[in-house]
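No value in this document is a laboratory result; all are computed from the given coordinates. Keep in mind it's a predicted model, so treat the numbers as computed, not measured. Don't worry about glycine lacking a Cβ; one is built from the backbone with ideal geometry, like all the others, and counts go over all protein chains shown.
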Amino acid sequence: ATTVTSILSVDTITVRFAGLTALDNVSFEVADASVHAVIGPNGAGKSTLFNVISGVYSPDAGTVRFNGTDLTSRAPHAIARLGIARTFQNIALLNTESVEDNLLLGRHLLTRTGFVAAGLRLPRSRNEERRHRARVREIAAFVGLAERLDIPVGTLPYGDQKRVEIARALCLEPALLLLDEPAAGMNAHETAGLAHLVRDIRDELEIPILLIEHDMGLVMGIADRVSVLDFGRLIADGTPNQIQRDPEVQRAYLGV
Ligand code: ADP
Ligand code: MG
């Protein structure tokens, strides 16, 4: 038997909102070096799951462990510092600022001297800023935005804006990346490019990815493993092949 190392362990998580159980005793493991997709109909609890993992919500029951560290009830910035970066379902960038400045902001959690020192132009912070700018350029090149650094984010095509969001998350140098419906609103060409980028992040940067996605073609093409939520319950967990043949998944999707 082979041992698969898990980087994230979601263990019997329950989240209730007034009168509604958004997540009901959900457990699964994200293996290191993998793309793990979370799928399910609208309202299934996918974004709530991300909000629990990233510390936006604390669960009513259960624990989330990251490399063995219990994340439950830690603040979002503390979880980000531990190495979990995320993008949001709706783009959350500074539209009038350049790609470069958006990415530099993405690194602010890593800076030791912080913005106050940067404002005073202390020598140490100037060196730090140089290092950050160099790294931001590398990351922009990795996601295919090397030629777009000076352009205000709001004027970029939608697919490129999504790349900026992913790049900004990568600026945290994460050990795990959470992507919430990155292909939503993308055309077929942009979606194909995204699939390529997600694979490159896994294979070249060796960062595991937990991916919420509606586009089944994309999920089945790039995921190593798929977890299926329906009305807050985990109804299936397996390889893309197993998931596609699962009768309960077909029921949930076909509404039979
Ligand atoms: P998904 O991302 O799978 O579409 P969500 O996790 O956003 O689903 O939502 C799951 C359920 O929880 C939905 O019924 C949604 O209306 C509800 N919900 C999500 N966030 C909140 C909240 N902050 N307060 C109340 N209900 C919420
Ligand atoms: Mg959602």
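The packing ranking, built from the mean of other Cβ atoms within 10 Å per residue, places the peptides 66-72, 29-35 in the order 29-35, 66-72, highest first. Converting phi to 3J(HN,Hα) with the Karplus coefficients 6.51, -1.76 and 1.60 and the offset θ = phi - 60°, segment 129-144 yields 4, 4, 4, 5, 4, 5, 5, 4, 5, 4, 5, 4, 5, 4, 8, x Hz in sequence order, with x at every glycine or proline.
Is the shape of segment 27-89 rounded, prolate or oblate, going by the alpha carbon gyration tensor and its root eigenvalues a ≥ b ≥ c, with a/c under 1.5 for rounded and a/b larger than b/c for prolate? Rounded, because the longest to shortest axis ratio a/c is under 1.5. Taking L156, L210, L178 as the candidate residues, the one with maximal mean-square fluctuation in a Gaussian network model of the chain, Cα springs under 10 Å, is L156. The charge dipole of the chain, taken about its Cα centre with unit charges on the Cβ atoms of Lys, Arg (+1), Asp and Glu (-1) only, comes to about 860 debye.
Applying 0.36 nm per residue to the separation of T12 and R245 and subtracting their alpha-carbon distance, the gain on full extension is 81.4 nm. Each distinct pair of alpha carbons in the chain adds a 1/r term; the inverse of their mean, the Kirkwood radius, is 19.1 Å. Once you divide the Cα radius of gyration of segment 135-249 by 2.2 N^0.38 Å, the number left is 1.15.
Selection among L23, V228, L176 by position relative to the dipole of the chain gives L176 as farthest towards the positive end (Cβ unit charges, Cα centre). Computed extension gain for A192 through D32, at 0.36 nm per residue and net of the alpha carbon distance, reaches 55.2 nm. Neighbour counts of C-beta atoms inside 10 Å place V56, V26 in the sequence V56, V26, starting with the fewest.
Once amide H atoms are placed 1.01 Å from N in the peptide plane, what residues at a sequence separation of 5 or more from L8, or on another chain, have their amide H within under 5 Å of its amide H? Correct list: V30, N67. Across the chain, the mean sequence separation of Cα contacts (distance under 8 Å, 6 or more residues apart), normalised by length, yields a relative contact order of 27 percent. The HN-Hα couplings worked out from phi for segment 72-84 by the Karplus form 6.51 cos²θ - 1.76 cosθ + 1.60 (θ = phi - 60°) are 4, 6, 7, 6, x, 5, 5, 5, 4, 5, 6, x, 10 Hz, whole numbers, x standing for Gly and Pro.
Within the listed set A169, A236, A183, the Gaussian network model of the chain (springs between alpha-carbon atoms below 10 Å) gives the highest mean-square fluctuation for A236. Placing a label point 7 Å from the Cα of T63 along the Cα-to-Cβ direction, no residue of segment 216-234 has a backbone N closer than 11 Å.
Does a label point 7 Å from the Cα of V56, set along Cα-to-beta-carbon, have any residues of segment 139-167 with amide nitrogen under 20 Å, and which are they? From segment 139-167, the list is 161-167.
Along segment 172-184 the Karplus relation, 6.51 cos²θ - 1.76 cosθ + 1.60 evaluated at θ = phi - 60°, assigns HN-Hα couplings of 6, 6, x, 9, 8, 10, 10, 10, 9, 6, x, 8, 4 Hz to successive residues, with x for each Gly and Pro. GNM on the chain, alpha-carbon springs under 10 angstrom: the most fluctuating residue among S227, S98, S54 is S98.
Measuring how big segment 73-112 is from its alpha-carbon positions, Rg and Dmax come out at 11.7, 34 Å. Extending 7 Å from the Cα toward the beta-carbon at both H108 and E206 defines two label points whose distance is 3.2 nm. Amide H contacts under 5 Å for R233: D24, restricted to partners 5 or more places along the chain or on a different chain, H placed in the peptide plane at 1.01 Å from N.
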